[in-house]
Ligand SMILES: N[C@@H](CCC(=O)N[C@@H](CS)C(=O)NCC(=O)O)C(=O)O
């Protein structure tokens, strides 16, 4: 029995949903409502002390952190393989995973929050906002930097630079390779795809206009059956925030 505690819009949850669907695994999709702080409730913190989604529960055992969950699924359900075949190529995949966690995954949060999520905190007074930031075990500093009006221009510029660096690095690898680690889709592709989907959803798909192989890769991932299963109606920001509809791809 596999249960994924997650959130429709969360890019980290989308990584794991893509992985579960690629592996054709059935799972119970349990949604946590951020607006109701369900991810900060004591019973959830007992499973995931970081107070973030997703958490996978497999046969009663909680597994946390989206990349760890993907690697766990790969180990336990190898029938549909999503790793390269040799130790050296698997190390290459893990190096991409770590780079993606450190660079684009962190970067994409800044425009996501500045453009959309910050509005849900705009009406809090100082004390309530401070409490909301402090309630988040892993994100107190992030929320404090964001404040109730969004990140500074410098922060936003730095995130777009980090995303551009990712695009450049991926373009080099994808020129001549179908997927990031060669001819087969791997966890590396699934790890970073949600950051690209979010860039597109926020109206920034032109960021890879000069990276034709990244564009081909993006479209190839979107054409897979795992895409509509993961990005069901109501799971992209433009489904919920109509002002994004004009600019999304
Ligand atoms: N390293 C963690 C990060 C998870 C994470 O940051 N999740 C976000 C959604 S993508 C979250 O739960 N945020 C809760 C909040 O902002 O309060 C992972 O990959 O699972």
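No value in this document is a laboratory result; all are computed from the given coordinates. Note that the structure is a prediction, hence the values are computed from the model and not measured. Quick reminder, even Gly has a Cβ in these numbers, built from the backbone with ideal geometry, and neighbours come from all protein chains shown.
Those helices (runs of 4 or more DSSP H) of the range 146-249 in which 1 or more residues are over 19 Å from the mean Cα position of the chain (by Cα) occupy 153-174, 212-222.
Any idea how many residues of the range 181-198 are within 12 Å of residue 112 (Cβ to Cβ) and either free of Cβ contacts under 8 Å to residues at least 24 places away in the same chain or touching a helix residue (DSSP H, G or I) at 6+ places or on another chain (Cβ under 6 Å) (or both)? Total satisfying the criteria: 3. Of all the listed residues (98, 109, 90), the sole one being under 18 Å from the mean Cα position of the chain (by Cα) and over 18 Å from residue 39 (Cβ atoms) is 98.
Just a yes or no: is a residue in the range 14-27 buried (at least 21 other Cβ atoms within 10 Å of the Cβ), free of Cβ contacts under 8 Å to residues at least 40 places away in the same chain and within 12 Å of the ligand (Cβ to nearest atom)? So far as the range 14-27 goes, no, none of its residues is buried (at least 21 other Cβ atoms within 10 Å of the Cβ), free of Cβ contacts under 8 Å to residues at least 40 places away in the same chain and within 12 Å of the ligand (Cβ to nearest atom). Checking each residue of the range 63-84 against the condition of being part of a strand (DSSP E or B) and either within 13 Å of the ligand (Cβ to nearest atom) or closer than 24 Å to residue 47 by Cα (or both) gives at least one match.
Out of curiosity, is residue 136 under 21 Å from residue 237 (Cβ atoms), within 14 Å of the ligand (Cβ to nearest atom) and either touching a residue at least 24 places away in the same chain (Cβ under 8 Å) or not in a helix (DSSP H, G or I) (or both)?
In short, yes.
From the set of residues in the range 141-183 that are farther than 19 Å from residue 98 by Cβ and crowded, with 18+ Cβ neighbours inside 10 Å, which is nearest to the ligand (Cβ to nearest atom)? Here the answer is 143.
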